[in-house]
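Trainee: Sending over a structure as structure tokens; questions will come in a sec.
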Amino acid sequence: MLIRTKRLRCLLIIGTLWIFASIGSIFCAKKPKERKTPQVKVECYSPKTGEVLSQILTNAHIPQNTQTQIIARLKKINFNFKSLNPNDTLKFFYQNDTLVRMEIKKNYATIYCLDNLISQNISVSMKYLNVSSKVTLVKGVISSSLYESMLKIGEQVSLIANYADILAWEIDFFTETHTGDSFFVLVEKKFLDSTCVDYGRIYALRYQGKIGDISGFYYIDASGYKDYYDFNGNSLRKAFLKSPLRYSYISSHFSKARFHPILKVVRPHRGIDYVAPSGAPVSAIGDGVITFVGWKNGYGRFIEIQHSQRFSSRYGHLQRYAQGIGRGKRVKQGQIIGYVGATGLATGPHLHFELLKNGQWVNPIKIIPPRADPVKPAYLSDFKKHRDSLLAYIKNG
């Protein structure tokens, strides 16, 4: 009996030790290492004016063989390499300091995605964001200037510019606006989620103030011709733009006797010199047909446009011509025809602009051009119905 009791005690002790040993081994066992998620670093870049993609990739220290593959893949989907501008965004995604992905955001809705950059099988895809649109009435009261007043109610510069361009021949927005004047714009707004990212067509607009009550309506006639017209169907456009350059200043006016800075002689200056940065776009002042493109003595690279039987315009010292510009080509008012340069006899980048009436040079500033064509009589009744349907939206109140 005593021997059996001792044996049971030994078994209990051994069992207890085994249990503690098992528990210890559980706590002492090494925990498996957690896998670390590779950290991705994102670098953003906005192109400088005139900067090309290959320069950007080189500056980002991307290997030459990867650059070659990226450009080759983009060429296959007809990517426009010349269209990079400061509004674009390039994103570089690095994993452990190795470039693995790249995105080129061309606008608010279009993104080019390049993946598998560490392999020989780079893939390209397009990401289209869901953009909705809605025709909206924008209205407000002038408190200082049109520019500041529209910005104050949350609108963007592009809408202000388009509004001012349409009414440019009716109102001088620098001198003829007054506090308390009101403005109305019926415009298509484009939304990404709930944020306005862009504007589409302006369908109707109105300005009420000391200068008067001026309205405009977008109308397409049955032949497909489209323009902005006033209440009576007269075009809001003049036959010519005020200037072939949007942002510039005049360095030399029209003169019968001007001292030439290069030739050092007094001679007539039969045009206007607009100073602008090299490469600034030059627009045709009116609809017409190009009668000359090429090098013309001291004018350097030169374009001449015949607008009607009476008027023609000339553009000199161009750096280069716009794509598709050639003799015999028809151009529209505002169409880019070339870019500011300093070719020919020029001391620096500028545009030499001339206007001829009946073959004689005239001062462009003193010419008051006729309006563009009004609504054709055959479509006037339809225009009035269209106008009245839009008037309901841009009424005061």
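Trainee: Evaluate the following for VAL124: is it touching a residue at least 24 places away in the same chain (Cβ under 8 Å), in a strand (DSSP E or B) and within 29 Å of ALA72 (Cα to Cα)?
Mentor: yes
Trainee: Got a sec? Which of ILE211, ILE153 is in contact (Cβ under 8 Å) with a residue 12 or more places away in the chain, within 24 Å of the chain's Cα centre (by Cα) and surrounded by fewer than 17 Cβ atoms within 10 Å (Cβ to Cβ)?
Mentor: None of the other options fit; the residue is ILE153.
Trainee: Looking at segment 316-336, which of its residues are of a type outside the set (D, E, K, R) and either assigned to a loop (DSSP other than H, G, I, E, B) or under 19 Å from the mean Cα position of the chain (by Cα) (or both)?
Mentor: Of everything in segment 316-336, those that are of a type outside the set (D, E, K, R) and either assigned to a loop (DSSP other than H, G, I, E, B) or under 19 Å from the mean Cα position of the chain (by Cα) (or both) turn out to be ALA322, GLN323, GLY324, ILE325, GLY326, GLY328, GLN333, GLY334, GLN335, ILE336.
Trainee: Follow-up. Cβ-Cβ below 8 Å, separation at least six or inter-chain, first residue in segment 289-301 and among the polar types (S, T, N, Q), second open to solvent by less than 50 Å² (accessible area, probe 1.4 Å) and in a strand (DSSP E or B): which pairs?
Mentor: Hits for this filter: THR291/GLU304; THR291/ILE305; THR291/SER312.
Trainee: Return the residue satisfying two criteria in turn: it lies in segment 284-306 and is open to solvent by 30 Å² or more (accessible area, probe 1.4 Å) and closer than 18 Å to SER243 by Cβ, and of such residues it is farthest from the chain's Cα centre (by Cα).
Mentor: GLU304
Trainee: Take the residues in segment 358-397 that are surrounded by 13 or more Cβ atoms within 10 Å (Cβ to Cβ) and among the basic types (Lys, Arg); name whichever of them is farthest from GLY140 (Cα to Cα).
Mentor: LYS376
Trainee: Another question, if that's okay. Might you let me know whether segment 130-148 holds any residue that is closer than 30 Å to ILE70 by Cβ, part of a strand (DSSP E or B) and within 18 Å of the chain's Cα centre (by Cα)?
Mentor: Yes: one or more hits.
The values are calculated or read from the model by the stated rules, or taken from the named source; none is laboratory data. All values derive from a computational prediction rather than experimental measurement. Reconstructed Cβ throughout: ideal geometry from the backbone, glycine too, with neighbour counts over all protein chains shown. Surface areas here come from the heavy atoms of the whole protein model, side chains and all, with no ligands, DNA or RNA. Shrake-Rupley method; radii C 1.70, N 1.55, O 1.52, S 1.80 Å.
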